[in-house]
Amino acid sequence: MRLAACLSAVSLVLAAPGVAQETEGTSVTAPTSPPQAEKRDHSYTHHGITISDPYHWLKDQSYPTIDDEDILDYVKAENAWYEARMAPQKELVDTLFEEMKARIKEDDSTVPQKGGDWLYWSEFEEGAQYRKHYRKPVSGGDAVLILDENELAQGLEYFRLGAASVSKNGRYLAYSTDSNGSERYTARIKDLQTGELLPDELTNLRGGLTWVANDTALVYGPSTEEWRSLEAKLHVLGTPVESDVTLYQEEDQSFGVGAGLSAQDDWLIIATGDNETSEVRLVRADDPTGEQILVRPRQKGVEYSVDVRTDETGTNLFVWTNDDHINFRLAKASIEAPGEWETVIAGSDEFYLTGFDLFQDFFVTEGRLDGLDQIQLRTYDAPLQARAISFPEASYNAGLSNNPEYAVTKLRLDYESMVTPDSVYDYDVATGGLELLKQQEIPSGYDASLYTTERLSVQSRDGTMIPVSVVYRKDRKDGAMPLHLYAYGAYGYAMPPGFSTTRLSLIDRGFAYAIAHIRGGDDLGRRWYLQGKMFERANTFNDFVDVGRGLIEKGYTAEGKITASGGSAGGELMGAIVNQDPEQYGAVVAHVPFVDVLNTMLDESLPLTPGEWQEWGNPITDKAAFAYILSYSPYDQVKAQDYPPMLVTAGLNDPRVTYWEPAKWVAKLREVKTDDNELLLKTNMGAGHGGKSGRWNSVYEVAEEYAFILWQMGMTGQE
């Protein structure tokens with residue numbers, strides 16, 4: 001939000017005295033003190049425990065409509081304070097933005113990939129915020145523009161392309177868009193022969209768009225009012241949406257439904273599940289309303305996913321599951337007896353199997369060994385004989401890229417490390433050769449030899465060794481250098497040691513940058529994830545704090561010179577670590593932080609809550625879960641102590657972490673903390689969980705974050 005617009009919007013809210021400024025011909029008053037949210041009596045009692053929550057009023061009771069003027073006034077007042085405090089750093093923000101922008105190739109394009117009779121790719125034009133999508137015939141011919149995101153985004157404050165799916169015959173493009181960050185998408189269908197949009201429009205949906213019934217129909221997932229995906233529906237082109245058929249309806253509000261096609265495009269796979277339990281049904285893609293095959297009934301704690309392969313021996317299911325080993329196995333079953341699973345690759349304590357892909361003459365398994373990505377090719381007649389694709393660096397991020405066809409002789413791969421830019425390869429299946437097709441270009445220049453990356457281990461307080469990936473300039477390392485520490489640590493998501501051009505703006509100013517592979521992610525296997533969830537959640541926070549302390553002991557940095565950031569569940573992490581060990585950090589940035597954990601898990605009307613109980617526990621029914629969540633919930637554990645300088649972000653339309661969580665947290669911090677350090681809250685009024693849309697807008701937000709960090713570290717003049 002621009003300063004003038006923000007200040008004029010809150011001129012009636014702020015009672016604090018200010019300094020008059022002339023902006024765009026009008027006189028506005030810049031705030032000279034932060035807003036103080038009003039405290040209103042509110043409390044609730046569960047399991048005999050009463051909790052006072054005087055900032056409960058910041059949750060709009062008409063949500064997802066947000067129209068309470070008191071709430072909007074407070075959020076705008078915080079934005080005004082953010083703008084006023086950051087205004088002196090505008091030159092630094094602009095400098096950072098320009099150097100970040102200079103590292104991005106403006107007229108960039110993806111490597112074309114074959115899909116049927118066409119080659120598909122996308123391009124950025126110079127100065128453009130969004131992509132253009134093209135194709136051309138494999139047999140030769142001119143490029144044809146099939147979708148222009150810039151045109152779709154014209155006049156919108158926010159735009160994001162969701163699903164995009166071309167029909168198998170190549171005629172139709174189905175795509176979905178979000179225009180406000182709420183992640184409630186609208187789908188349209190474009191006739192690629194005529195360039196015209198069909199009248200069909202699917203609104204308020206989530207997930208993918210899957211072509212079935214010989215390209216005459218789409219399977220999609222509508223969203224409920226509570227932003228849950230509980231159906232797989234079938235829309236036949238040219239028919240009223242009201243007549244769409246429900247193929248599957250989920251009754252468990254904690255589950256979510258999704259659909260996709262098998263590797264040979266002949267089966268529609270309808271999956272439902274939560275964070276720990278799965279159930280899959282199959283139906284012929286050319287007869288989607290036909291009889292469905294239930295693969296195996298749900299069993300609490302058992303996850304599985306399925307693909308289907310038909311050859312001369314018949315139709316068989318390949319099943320990835322954790323039913324008999326925590327690190328998953330790969331099994332096989334016949335279509336006639338889909339629930340009778342025979343092991344193909346057994347589960348392993350050493351190798352964590354994360355997935356598989358079927359192709360005509362071979363299949364690929366992906367996983368991690370000692371936390372490092374593995375890609376292995378296997379034949380159907382000798383599945384235990386794996387051919388691993390090897391990579392040169394000690395720490396990296398590698399995996400299959402987009403491989404849309406079943407019959408292939410080359411595999412498209414992605415590879416990067418903390419010092420190697422994103423690289424696209426083709427792997428020749430016959431020869432085992434890797435062909436570099438494209439490496440991320442950095443127009444302003446990049447010399448990888450100036451940087452070094454390390455993978456080390458730091459001991460957590462319970463004796464567990466936590467992996468850490470670090471990158472820094474070879475000529476800048478000393479024990480007093482600042483270090484930025486990042487982590488996520490939830491939902492079993494491993495944080496890959498990948499490349500970042502924006503990160504260089506810190507590293508080139510003397511920072512080391514470290515990723516802590518803490519428990520809660522599945523970096524070292526499924527058990528690593530389980531040791532950071534439910535009643536072991538505190539391990540995640542302790543690991544992060546102890547990694548920072550360990551890096552100080554190992555001479556990478558010093559106390560007070562560590563800056564930290566995380567978003568969403570990683571924002572919850574930020575809230576917990578500043579409660580636990582605030583003096584360690586020189587600055588902390590919490591993006592859309594999930595900090596009001598207890599209140600959110602007690603509110604089953606919220607979009608994600610029922611599906612999250614398997615991750616955090618259900619404090620409504622479980623007294624122990626209530627007490628444990630209360631013990632770490634960052635908002636509930638704010639106390640009278642000094643806190644480091646903090647920048648907090650939010651999205652007014654965010655359906656994942658609602659805007660009031662960071663708003664309440666900041667309000668309580670302002671009331672209770674005993675220091676005079678900066679505390680800023682920036683709420684994107686027209687965006688959601690991912691911040692602003694558009695590549696330059698998002699880069700500018702990173703520049704703002706880094707400017708805040710450098711400001712707080714006293715490094716605003718350092719180049």
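Taken together, the values in this text are just the output of simple stated rules run on the coordinates, not laboratory data. The model shown is predicted, which means the values in this text are computed figures rather than measured ones. Neighbour counts run over all protein chains shown; Cβ positions are idealised from the backbone, glycine included.
Which of 644, 608, 659 sits farthest toward the positive end of the charge dipole of the chain, with +1 on the Cβ of Lys and Arg and -1 on the Cβ of Asp and Glu? Ranked along the dipole, the leading option is 644. Of 564, 205, 500, whose Cα points farthest to the positive end of the dipole of the chain (charges on the beta-carbon: +1 Lys, Arg; -1 Asp, Glu; origin at the Cα centre)? The Cα lying farthest towards the positive end belongs to 564.
Using only the C-alpha atoms, the convex hull of the stretch 563-719 corresponds to 113 Å³ per residue. Electrostatic tally near residue 679: other residues with Cβ closer than 13 Å to its Cβ, Lys and Arg +1, Asp and Glu -1, net -1. Average 1/r across all pairs of distinct alpha carbons in the chain, invert it, and you get the Kirkwood radius: 27.3 Å. Relative protection proxy for 96-109, 41-54, 491-504, from highest mean packing down: 491-504, 96-109, 41-54 (other beta-carbon atoms within 10 angstrom).
I need the shape label for the stretch 63-176. Rule: rounded when a/c is under 1.5, else prolate if a/b > b/c, else oblate, with a, b, c from the alpha carbon gyration tensor. It is oblate, given that a/c is not under 1.5 and a/b is not larger than b/c.
With an a/c value of 1.5 or above and a/b not larger than b/c for the gyration tensor axes a ≥ b ≥ c computed over the alpha-carbon atoms, the stretch 218-292 is described as oblate. Cross-link partners for residue 692 among the aspartates and glutamates, with Cα-Cα distance under 14 Å and sequence neighbours closer than 8 places in the same chain left out: 157, 178, 183, 654, 701, 704, 705. Measuring between their Cα centroids, the stretch 550-565 and the stretch 620-643 lie 27 Å from each other.
For the stretch 157-298, taking Cα atoms only, Rg and Dmax work out to 14.9, 45 Å respectively. What is the log10 of I(q)/I(0) for the stretch 470-570, computed with the Debye formula using one identical point scatterer on each Cα and no solvent, at q = 0.22, 0.23 Å⁻¹? Those come out to -1.10, -1.15, one per q. Neighbours of residue 691, meaning other residues whose beta-carbon lies under 15 angstrom from its beta-carbon, give a summed charge of -2 when Lys and Arg score +1 and Asp and Glu score -1. Given +1 at the Cβ of Lys and Arg, -1 at the Cβ of Asp and Glu and no other charges, the dipole of the chain around its Cα centre is 1140 debye to the nearest 20. Which of rounded, prolate or oblate describes the stretch 642-719 when judged by the alpha-carbon gyration tensor and an a/c cut-off of 1.5? Oblate shape, in that a/c is at least 1.5 and b/c is the bigger or equal ratio. Over 32 Å apart at the Cα level, from the set 101/477; 59/190; 105/668; 410/474; 190/300, are 59/190; 105/668; 410/474; 190/300.
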